[in-house]
Amino acid sequence: MGRPRPVPAPPAPVRREDGARHFSGVTYAVAFGYRPLQLDVWVPDTPAPAPLVVWVHGGAFMMGDRRYLPETLRGNQVFDALLDAGLAVATIDYRHALEAPFPALLHDAKAAVRYLRRFAGELGVDTTRVGAWGESAGGHVAALLGLTGHRPDLEGTHGVVGESSAVDVVVDWYGVSDLDTMPRQTPPPEVAALLPEELRGPPEEHLVAGLTDATRADASPVTHVTAEAPPFLLLHGTADWLVPYAQSEALHAALQAAGASPELVPVEGAGHIWLGSDDVDGIVDRSVRYLAGVLLGDRVR
């Protein structure tokens, strides 16, 4: 009953005009009692297997899916930018907070990384070098992926077992880093009137509702910081009313204090999802260059 279900190998990909291969709707795990968890993978047409970046979508812990990008970005901008840099990208679904509380979403993200490692040969990717990149709720998950590779108790048991879920580099766009210092943010009245009731209060409260103090602490990336943390690039709008800029400052300070190698980039005047920024393309480019610098090293294009 408690044994993980076997997971299938990826289906055959579709090849794009530029030679990139697209694996669509790959089931990476089935958590008992929940929907199948799926991911998509794009692999560039490169001579050698490409290092992999795992994209984790946002959506206030309650919305979105693996195809979701903020409306301030163009189409598949993030995915195409990674492919152009010679990096493969996997974009993953995970359970939302009203489906299952923490640590379900982290268990899912870790199961996705383990699946990608198990089937790296079939996908044609190099999973000896893996990055995580997420925005908002996804930035929170990406940070946790980067900081909990040493925590077997947070792995979960569904999907592929016996592979590492650790990642080598993290890009975190405006994610929550410390639930204890996160102010109780609510949308302006004119915005709240357009939202379902569940989204009118702080979304992170649904993530940790009913949890013990220890499990709630595990949901905050700052509690997992050690000197072994991978390189982190934190980008955050200074005018973000939903997740305050101070959240990225706190994670940056904790990483620095531990002796890790973080970089914090304030985006002056920008709100959540880069609203108000006139250089979203530059933000994407900087993020991709950072990932490529770590994952490709001297092979950076």
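The values are calculated or read from the model by the stated rules, or taken from the named source; none is laboratory data. These numbers were taken from a predicted model, which means no experiment stands behind them. Counting neighbours? That spans all protein chains shown, and the Cβs are built from the backbone with ideal geometry, glycine included.
Screening Val176, Val125 for residues that are of a type in the set (A, V, I, L, M), crowded, with 24+ Cβ neighbours inside 10 Å and out of contact with any Leu (no Cβ under 8 Å at 6 or more places or on another chain) leaves exactly one candidate, Val176. The lone criterion from (1) in contact with a strand residue (DSSP E or B) (Cβ under 9 Å, 6 or more places away or on another chain); (2) small (Gly, Ala, Ser); (3) surrounded by 15 or more Cβ atoms within 10 Å (Cβ to Cβ) left unmet by Ala250 is number (1).
Taken residue by residue, the stretch 33-44 has at least one member that is more than 18 Å from Arg67 (Cβ to Cβ), modelled with pLDDT of 95 or more, out of contact with any Pro (no Cβ under 6 Å at 6 or more places or on another chain) and part of a loop (DSSP other than H, G, I, E, B).
Pairing residues of the stretch 122-142 that are on the phi > 0 side of the Ramachandran plot with residues that are modelled with pLDDT of 95 or more and assigned to a strand (DSSP E or B), at Cβ distances under 8 Å and at least 6 apart in sequence or on separate chains, gives Gly124/Arg21; Gly124/Val43; Gly124/Ala50; Gly124/Ala88; Ser136/Trp173.
Looking only at residues that are touching a residue at least 60 places away in the same chain (Cβ under 8 Å) and out of contact with any helix residue (DSSP H, G or I) (no Cβ under 7 Å at 6 or more places or on another chain) in the stretch 219-244, which one is farthest from Thr148 (Cα to Cα)? Here the residue is Pro244. The single condition among (1) modelled with pLDDT of 95 or more; (2) over 23 Å from Leu123 (Cα atoms) that Leu83 does not meet is (2). Checking Pro47 against (1) at pLDDT 95 or above; (2) closer than 20 Å to Val130 by Cα; (3) in a loop (DSSP other than H, G, I, E, B): exactly one of these is not met. Which one? Checking Pro47 against (1) at pLDDT 95 or above; (2) closer than 20 Å to Val130 by Cα; (3) in a loop (DSSP other than H, G, I, E, B), the one that fails is (1).
Condition check ((1) among the acidic types (Asp, Glu); (2) closer than 30 Å to Leu275 by Cβ) across all residues:
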residue: Val7; (1), (2): no, no
residue: Pro10; (1), (2): no, no
residue: Val14; (1), (2): no, no
residue: Arg35; (1), (2): no, no
residue: Ala48; (1), (2): no, no
residue: Val56; (1), (2): no, yes
residue: Met62; (1), (2): no, yes
residue: Glu71; (1), (2): yes, yes
residue: Asn76; (1), (2): no, yes
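Quick check: anything in the stretch 85-105 β-branched (Val, Ile, Thr) and part of a helix (DSSP H, G or I)?
So far as the stretch 85-105 goes, no, none of its residues is β-branched (Val, Ile, Thr) and part of a helix (DSSP H, G or I).
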